[in-house]
Amino acid sequence: MTGNLLIVLFDGLAFGMLLFVLSVGLSVTLGLMNFVNLGHGAFGMLGGYVALVVTREAGLSFFLALPAAFVGAAVVGIACERTLFRRLYRSGELNQVLFTVGLVFVATAIATFLFGTGQQPIQIPDVLRGSVEIGGLRFGIYRIFLIVVALAVTAALIFGLEFTRFGASVRAAVDNQRVAQGLGIDVDTIFAITFALGCGLAGLGGALAIEIVGLDPTFAFHYLIYVLIVVAVGGLGSIGGSFLAAALLGIADVGGKYFVPELGSFLIYLLMVGVLFWRPLGLFGKR
């Protein structure tokens with residue numbers, strides 16, 4: 001029983017870290033830029049298909065596909081921000097929601113046309129396959145890799161947004177654009193880079209997700225729900241909150257399916273409701 005519990009905790013943590021990489025970009029754009037981007041899942045799906053093309057069509061390594069997925073989603077994110085999204089920054093939340101949800105429908109249609117409706121497998125290196133035995137228990141190598149990547153992303157984001165000039169510029173631009181511009185901060189460029197960062201992280205998460213959950217044109221809608229739950233439970237703009245929320249939700253999802261299968265995935269919704277009743281702004285939310 002103890003061994004099963006440890007394996008469930010490990011698998012749940014790995015799934016949670018996947019949710020974290022997928023969702024932390026939305027936490028950044030929504031929490032720091034006050035932009036409701038429900039098209040975030042589409043950038044995750046884009047990253048997955050970029051990784052698929054890089055490995056399958058170009059024949060390159062999965063380790064090269066991950067940065068390609070990040071860059072591809074970030075570039076498309078900048079293009080969308082420059083041409084479409086910046087027109088909605090001062091619009092109401094309803095306009096932002098309707099427009100970005102429409103973007104997901106468009107992305108889904110394009111993915112269906114180009115790649116079909118079936119699941120798309122990806123070839124990962126042999127070094128990430130199989131499992132390692134620790135204390136008589138076997139842990140999947142790819143899941144260990146997911147946890148390591150998520151920890152690296154967390155450390156990089158906290159350092160970049162909390163302890164660098166760029167992070168200070170982002171916070172200043174969000175708090176008061178006019179004053180920030182008066183201080184010489186290029187607010188448009190800061191917002192474009194921040195949005196690209198959020199989209200790139202979604203793309204990275206989409207590439208990492210293929211081996212665990214698969215990839216098809218419904219990806220953008222299906223995992224948008226998980227992403228929104230992570231952001232809501234963690235609190236807007238909180239990297240640490242998103243990390244903790246993703247870990248809790250991942251463990252709750254896997255543990256619920258293993259120990260109380262009659263509840264299935266519903267357990268994470270119960271957890272979300274309980275947390276938001278306790279802390280309406282999320283675990284570390286300030287507004």
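The values are calculated or read from the model by the stated rules, or taken from the named source; none is laboratory data. Owing to the predicted nature of the structure, the values given are computational and were not obtained by experimental measurement. So basically every Cβ, Gly included, is an ideal-geometry build from the backbone, and we count neighbours across all protein chains shown. The accessibility values were calculated without ligands, DNA or RNA, using every heavy atom of the protein model including side chains. Shrake-Rupley method; radii C 1.70, N 1.55, O 1.52, S 1.80 Å.
Model label points for Phe105 and Leu263, set 7 angstrom from Cα along the Cα-to-Cβ axis, are 3.6 nm apart. Which is the longest stretch in the chain that no exposed loop site breaks, taking sites as GluC sites (Glu not before Pro) with a DSSP loop state and at most 12 other Cβ atoms within 10 Å? Formally, the longest exposed-site-free interval is 58-261.
Take Val132: with every protein chain present and a 1.4 Å probe, its accessible area is about 50 Å². What a 1.4 Å probe finds exposed on the chain is 68% carbon and sulfur by accessible area, rounded to a whole percent.
Once you divide the Cα radius of gyration of region 94-252 by 2.2 N^0.38 Å, the number left is 1.25.
At 1.4 Å probe size, with every protein chain present, just tell me what the per residue accessible area of the chain comes to in Å². Walk me through the numbers on the way to the answer.
Details: 13310 Å² over 287 residues.
With the other protein chains kept in place, the chain gives 46 Å² per residue.
For the chain, modelled as a GNM whose springs connect Cα atoms under 10 angstrom apart, the maximal fluctuation among Gly205, Gly92, Gly12 occurs at Gly92. Using just its DSSP H runs of length 4 or more, each adding -39500 (n - 2.57), the chain gives a mean residue ellipticity at 222 nm of -25000 deg cm²/dmol after division by all residues. Taking the chain as a Gaussian network, where each spring joins two C-alpha atoms under 10 Å apart, which residue of Gly118, Gly200, Gly256 fluctuates the most? Largest GNM mean-square fluctuation: Gly118. The angle between the Cα long axis of helix 239-259 and the main principal axis of the chain comes to about 30°, on a 0 to 90 degree scale.
Before anything else, pin down the relative contact order of the chain: Cα pairs under 8 Å, at least 6 apart, normalised by residue count, whole percent. Display every interim value, and only then the final one.
Numbers: 470 pairs, mean separation 108.7, N = 287.
Contact order relative to length: 38 percent.
Using a probe of 1.4 Å, the accessible surface attributed to Phe62 totals some 0 Å² when neighbouring protein chains are kept in position. Figure note: Phe113, Phe243, Phe266, Phe99 ranked by solvent-accessible area, largest first, 1.4 Å probe, ligands and nucleic acids not counted: Phe113, Phe266, Phe99, Phe243.
For the chain, the longest principal axis of the C-alpha atoms and the axis of helix 266-278 are separated by about 50°. Taking all protein chains together, Ser265, Ser169 sort by accessible area into Ser265, Ser169, largest first [probe 1.4 Å].
Structural size metrics of region 2-278, computed from C-alpha coordinates, are Rg and Dmax of 18.7, 62 Å.
Its convex hull of Cα atoms gives region 214-284 a direction-averaged projected area, equal to a quarter of the hull surface, of 5.1 nm².
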